[in-house]
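Asker: This structure is in C-alpha cells; I'll ask about it shortly.
Quick note: the coordinates plus some simple rules give every number you see, no bench work behind them. Quantities reported herein were computed from a predicted structural model and do not represent experimental measurements. No Cβ is skipped: glycine too gets one built from the backbone with ideal geometry, and neighbour counts run over all protein chains shown.
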Amino acid sequence: MDAVEARYDGVAAAYDTWVGEGSVLADLTFEELVGGVEGQQVCSVACGQGREARYLAAQGAVVTGVDLSENLLALARRHEEAEPIGVSYLQGDAQTLEGLASGSFDGAVCYLALMDIPSLDGVLQSVARILRPGGWFVFSITHPCFKTPATGDLVDHTNKSVRRTVGRYFAEGYWDGPGLYNDALPIGAYHRMLSTYVDALTRAGLVIDQMREPPRDHAPVWQEVPQLLYVRCHRGESRPL
Ligand SMILES: C[S@@+](CC[C@H](N)C(=O)[O-])C[C@H]1O[C@@H](n2cnc3c(N)ncnc32)[C@H](O)[C@@H]1O
C-alpha cells in the first residue's frame, strides 16, 4: 500500500470555505443515484468536512463519516455540534477502512475523492468488504476522460463555442496541477483511465447499475462535455466476506 499523507490537513479551512461553510449538498445527480436511505446504515468514505454525510443524515440514514484529515474532521464535528444530526466521524484510511466491521453497511458513498487516493483497489475492496451482500455504493469523480494530466479549453473562432482539449490520457498516476481556489487547494490527483475504474470495480466484486454524465452550467465547456462522472453499483452476491 502507498504511504498515506493527509494532504488536506493544511488546507482544511480553505476547503471548508470553498465548499461553503455549513454546506448542504445540492447535487441532484448524486441525490437521484443515492435514492431513499431512511433507516439505512451508510458510510461516507473520504467525507471531508461532512457535506454529503449531513445530506444523507438529513434523509434519515445512520451515517459514519471516515476521512484521513483530522483538520477536516474537526470542521465536520464542529458542524455536528452546531446542528446535531447524528453523524459519527472517524479518522481513518479509506484504503483499509480499518475498524469498520465487514458486511455492516447497507450503502456507502465516496464523493469527489477517489482521485485523491493512491490505491483505487484498496478503497474499492474495502468498500466492498464493509457492505452487506447487495449493499450499494455511489461515487462521483472528475470525469477521467475530460480531466487528465493535460487539459485545457479552447474557443472555436468559427462559432465561439468552447472546446475541451485533452492529452496524456494514458499517463496514469499522480499529477500536480495549478491549485483550485486561488491556489489554496490541491488539485493534484491520481489520474486513471476509465477502463481502470471499471476493472477495479469488477475486481472488488462491485457491479455497475447506473452511470451518469450530466451537463453542468457553471462554465460553457461543461455544456459540451461532462465534468463529472457518477456511478451507482452494488456488492455482487458472489463476493466472499
Ligand atoms: C476533494 S476532497 C472531498 C471531500 C468531501 N467528500 C467533499 O466532497 O467535500 C477529498 C477528500 O479525500 C480525503 N482523503 C484523501 N486520501 C484519503 C484516504 N486515504 N483516506 C481517507 N480520506 C482520504 C481528503 O482528506 C479529503 O477530505
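Asker: Where Lys and Arg each count +1 and Asp and Glu each count -1, what net charge lies around Asp156 among other residues with Cβ under 13 Å from its Cβ? List each step's numbers first, then the result.
Answerer: Values: positive: Lys160, Arg163, Arg164; negative: Asp153, Glu224.
Residues close to Asp156 contribute a combined charge of +1.
Asker: Also: Note down the net charge around Thr29, summing +1 for each Lys or Arg and -1 for each Asp or Glu among other residues with Cβ under 11 Å from its Cβ. Walk me through the intermediate numbers first.
Answerer: Values: positive: Arg212, Arg216, Arg232; negative: Asp27, Glu31, Glu32, Glu213.
So the environment of Thr29 carries a net charge of -1.
Asker: Picking from Asp176, Asp67, Asp93, which is most flexible by a Gaussian network model of the chain using Cα springs under 10 Å?
Answerer: Looking only at Asp176, Asp67, Asp93, the biggest GNM fluctuation is shown by Asp176.
Asker: To test your reading of the geometry: what angle, between 0 and 90 degrees and rounded to tens, separates the Cα axis of helix 194-203 from the longest principal axis of the chain?
Answerer: 20 degrees
Asker: Given only helices, namely DSSP H runs of n ≥ 4 each adding -39500 (n - 2.57), what is the per-residue ellipticity at 222 nm of the chain, to the nearest 500 deg cm²/dmol?
Answerer: Details: 7 runs with 61 residues, N = 241.
So the calculated ellipticity at 222 nm is -7000 deg cm²/dmol.
Asker: Which longest uninterrupted range of the chain lacks any GluC sites (Glu not before Pro) assigned by DSSP to a loop state (not H, G, I, E or B) and surrounded by at most 11 other Cβ atoms within 10 Å?
Answerer: Working: sites that count: Glu5, Glu38, Glu98, Glu237.
Longest stretch, sites excluded: 99-236.
Asker: Quick one: of the DSSP bridges fully inside the chain, what percent are antiparallel, nearest 5?
Answerer: 55 percent
Asker: Calculate the length of the line joining the C-alpha centroid of the range 87-148 to that of the range 193-234, in whole Å.
Answerer: Here the two parts' Cα centres lie 15 Å apart.
Asker: Turning to a different aspect of this structure: Sum up the charges of everything whose Cβ sits under 11 Å from the Cβ of Gln59, counting Lys and Arg as +1 and Asp and Glu as -1, but leave Gln59 out. Walk me through the numbers on the way to the answer.
Answerer: Numbers: positive: Arg54; negative: Glu31, Glu38, Glu52.
Once positives and negatives cancel, what remains is -2.
Asker: A follow-up question, please. With r as the distance between the Cβ atoms of Glu172 and Arg78 and R0 = 30 Å, compute the FRET efficiency 1/(1 + (r/R0)^6) and round to 0.05.
Answerer: On the way: r = 37 Å, r/R0 = 1.23.
The value I calculate is 0.25.
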